[in-house]
1. Mind jotting down the distance between the C-alpha centroids of the stretch 103-135 and the stretch 37-88, whole Å?
2. Among residues other than Pro217 whose Cβ falls under 14 Å from its Cβ, what is the net charge (Lys/Arg +1, Asp/Glu -1)?
3. Could you check the spin-label model distance between Ala184 and Ala28? Points 7 Å from the Cα along Cα→Cβ, value in nm.
4. Counting each DSSP H run of 4 or more residues in the chain as -39500 (n - 2.57), what helix-only mean residue ellipticity at 222 nm follows after dividing by all residues, to the nearest 500 deg cm²/dmol?
5. Give the residue list of chymotrypsin sites (Phe, Trp or Tyr not before Pro) in the stretch 127-162 that are DSSP loop and have at most 16 other beta-carbon atoms within 10 angstrom.
6. Could you line up Arg48, Arg180, Arg89, Arg81 from fewest to most neighbouring Cβ atoms inside 10 Å?
7. 5 Å is the cut-off here: which amide hydrogens, built 1.01 Å from N in the peptide plane, fall below it relative to Val62, excluding neighbours closer than 5 in sequence?
8. What lysines does Lys242 reach when the alpha-carbon gap must be under 16 Å and sequence neighbours fewer than 8 apart in one chain are set aside?
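What follows draws every value from the coordinates through simple rules; no lab data is involved. Here the structure is a predicted model, which means the values were calculated and not measured. A quick note on method: Cβ atoms are made from the backbone with ideal geometry, for glycine too, and the neighbour counts reach across all protein chains shown.
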Amino acid sequence: MKTKVTLIIVTICLIFNSSGVAAPKKKAETLHGVVESVDGNKITVNYRRKSRSFTLNGQAKVNCVGFLKAKKEIKPGFVIRAGIDSKGRCNELWVTLPIPSEHLKPSAKMLKMTPAELHRMADSNGDGELSYVEYATAIYRSPKHGPVGFNKSDKNKSGTLNLKEFETKLETIKWYRISRKTPAEWHAEFDANSDGALNKQEFVAFLGSSAHIDTFPKRADKDKSGGISPVELAGFIDTILK
């Protein structure tokens, strides 16, 4: 009996091998979070509360964002975004100085402030420019999207955002853009067919992005009617601003 069972197991293994069935390959991904350790080209990062390691390719492009006079290096406590291929190698890395880890929400006062007032508030050292750390501490904090967006907005490549660059960047930040009008005004503007409810397409147009296209509409549509009423839109906006 034991011999028969062994033969069956061997036969099954041979069938799987001959059919070309193999373990699924690892996919390329983007890791982001706080650096835990650096050992030569091996970097370990805390990604979604788990330690993940990867190897920095010798030809990798390393983008140091907002370092200004600080030494450009990668150290524990720094924040990174790394594009990892299927073999665990990083070909492009974004690294910033340490920033707060808590989730950032705008205060009620910030929702009413002008770009100039927000710029002045965030400019903690009073030099008239926003470093990445100042920006990430007071305005927008995202290890995944923050460094890339900040770098693109730094048009003169000074390593900081002046008021003009900051004003342009603000328009892409969801909490700032949404706070410029009331929920009723937003609903009226994007209810293209004037039926009193935003359908999925209208709601995505309001958001200005198709990211989380299957999540946000469901979250906003509390009564599961398939349309988002002015009251439901107001409730959804509250989750972003408060």
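1. If you average the Cα positions of each part, the centres end up 28 Å apart.
2. 0
3. Placing both labels 7 Å beyond Cα along the Cβ direction yields 4.9 nm.
4. -10000 deg cm²/dmol
5. Of the chymotrypsin sites (Phe, Trp or Tyr not before Pro), not one in the loops of the stretch 127-162 has a Cβ with at most 16 other Cβ atoms within 10 Å.
6. If I rank by nearby Cβ atoms, fewest first, I get Arg48, Arg180, Arg89, Arg81.
7. Result for Val62 returns Leu93.
8. The reachable lysines, counting only those whose Cα sits under 16 Å from Lys242, are Lys105, Lys109, Lys112, Lys174, Lys181.
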